[in-house]
Structures are given as structure tokens and as C-alpha cells.
Amino acid sequence: MAKADDLRDAGMPGVAKIAEDKARQAGVYAPEPNPQPIVPTRSNGMATASFVLAVIGAVLGIVPILALFALILGVLAVIFGFAGRKRIKKGETTEGKGMAKSGIIIGFIAIVLAIIGFAIVSDAFSDLERELENLGAGLGVLG
């Protein structure tokens, strides 16, 4: 490679390129100076799953009849959020800290919305039962 560098310094970059190519073909070439290792960043799938499940659970928690789904997704979001934070603390990944924290918080919100939804649905069924009893008693059918 010294020849190619000398030719490049002499103002003949085209000839230097030819010399480098011939050296590579002959298997006589120096490695690139200071190669930088490529370190892939590992994403935090647990944190991402936590956030996605929490958001879906919170949206479903707004509709009282879907409270069971909101509860399940909220619990899963909290579990995945803590698992994602554990991966960060272990050093397995450096990404997703905010997403894991958001997933945990929104997951707890989804759980609260689910509990409120259960209360609303339960109250609605109690009212329905009372109204049906009143309707049946008024018609003389139930008792």
C-alpha cells in the first residue's frame, strides 16, 4: 500500500486506485486504519409492548362494556413495563426507559378505568333487573 500512497501523494490518484486494486487482487493489502466496531442498539420490546397495550387498554377502558379487556390489557402493560425497566437496569438495553414508565402509568390508568367500567355496568344491570321486576309486577307476570 505504500506504493499507492506514494502515487496519491505525487498527484496521481487514478494510478493509485489501480495499484490498490491490484494489491487487493493479489491479497497483499493492509486493513483499513482504525475500523470502528458497529454496535447494534437493541430495542426494548417489553417497553414498546407495555406502552402499546396500555394505550389500547385505556381507550377500551373508556367504554364501560369493554372493561374486562381494559383490565387484562392494563395488567399486561404494567407487567411488561416493569420487565422493560428490569432489562434496562440489567444493562441488556439502554432504550425504552420513558416508554416503559409511560406504559406502567397508562396501564394503571387503564386498570382504574376498567374498575370504574365494572361499577357502571354492574349498576346498569342492577337498574335493569329492578325495572324488569317492576314491569313484571305491574303486569302481574312475576309474582
Requested in this report: Given the peptides 63-69, 75-81, 119-125, arrange them by the average over their residues of other C-beta atoms within 10 Å, most packed first.
Outcome: 75-81, 63-69, 119-125
Query - Cβ-derived FRET efficiency at R0 30 Å, F118 paired with E92, nearest 0.05 - result: 0.25
Query raised in the report: R0 = 25 Å: FRET efficiency of I105 with I72, Cβ-based, nearest 0.05?
Result: 0.90
Query raised in the report: Taking the Cβ-Cβ separation of L139 and I65 as r and a Förster radius of 25 Å, what is the calculated FRET efficiency to the nearest 0.05?
Result: 0.30
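Coordinate-derived values only; no laboratory data. Please read all numbers here as calculations on a predicted model, not as lab measurements. Every residue, glycine as well, gets a Cβ built from its backbone with ideal geometry; the counts of neighbours run over all protein chains shown.
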